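Read through the structure below, which is laid out as structure tokens, and then see the notes.
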Ligand SMILES: Nc1nc2c(ncn2[C@@H]2O[C@H](COP(=O)(O)OP(=O)(O)OP(=O)(O)O)[C@@H](O)[C@H]2O)c(=O)[nH]1
Ligand SMILES: [Mg+2]
């Protein structure tokens, strides 16, 4: 069934989690946001919730090391902001820890996210770990949508070429071009990701 959320009325930080927790199994549907460090995960959550500063943006890349839960409309659903992977300045140990936490969340935490949003920088395309993410999501049967963010950085021709490359690499997955700066097509993205209007499940 589609989530009955057509508009965000409230958005509140609940908690940051790094291991087993009731929040994974409390029956509140989850929408998870994953992607490389700095691609705009937190900006996307701010954009979709219409809050400028619900989640801190950009000031300390690689500093988020927890799974951060936000309650939307008094626990109609959670948005889960995941730590970014592949942060260039992180040590291999820090990077390994974050990758493990993300994989643990998707495979063993007991969470059944309604949808996982994989965010990319449209200029960078799908990286190796993004591809691994796609494989894990397929294996786990978690529905996902790829958002190619920061389209404001490309002209029309560059954008068409970049999206073609991403779609080819993504093997038929839904790829949604977006910019948290212009917020063009926000209503469509909201419908696809939050209201899940394209899903006609049991
Ligand atoms: N040009 C452009 N910049 C963007 C866009 N979205 C986010 N940014 C910028 O990209 C930087 C990173 O944004 P964040 O939202 O903090 O990215 P993140 O993925 O949450 O980063 P981590 O939490 O470090 O993993 C910030 O400087 C944002 O202002 C966009 O659509 N276009
Ligand atoms: Mg962030």
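The values are calculated or read from the model by the stated rules, or taken from the named source; none is laboratory data. Here the structure is a predicted model, which is why all the values come from computation and not from measurement. Positions of Cβ are generated from backbone atoms using ideal geometry, with glycine treated the same way; all protein chains shown enter the neighbour counts.
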Of (1) free of Cβ contacts under 8 Å to residues at least 60 places away in the same chain; (2) within 13 Å of ligand 2 (Cβ to nearest atom), residue 88 fails just (2)
Contact list, first residue from segment 33-62 and over 16 Å from residue 193 (Cβ atoms) and outside any helix (DSSP H, G or I), second anywhere and at pLDDT 85 or above and within 9 Å of ligand 2 (Cβ to nearest atom), beta-carbon distance below 6 Å, six or more apart or interchain, is 36/84; 37/84; 57/42; 57/43; 61/37; 61/38; 62/37
In segment 42-94, residues that are farther than 18 Å from residue 149 by Cβ and touching a strand residue (DSSP E or B) at 6+ places or on another chain (Cβ under 7 Å) total 9
Of those in segment 157-189 that are within 16 Å of ligand 1 (Cβ to nearest atom) and either over 22 Å from residue 6 (Cα atoms) or assigned to a helix (DSSP H, G or I) (or both), the residue farthest from the chain's Cα centre (by Cα) is 158
Over segment 39-76, the set of residues on the phi > 0 side of the Ramachandran plot, within 9 Å of ligand 1 (Cβ to nearest atom) and surrounded by fewer than 20 Cβ atoms within 10 Å (Cβ to Cβ) is 58, 62
- Would you check if there is a residue in segment 119-126 being out of contact with any helix residue (DSSP H, G or I) (no Cβ under 8 Å at 6 or more places or on another chain) and either in a loop (DSSP other than H, G, I, E, B) or away from ligand 2 (no atom under 16 Å from the Cβ) (or both)? yes
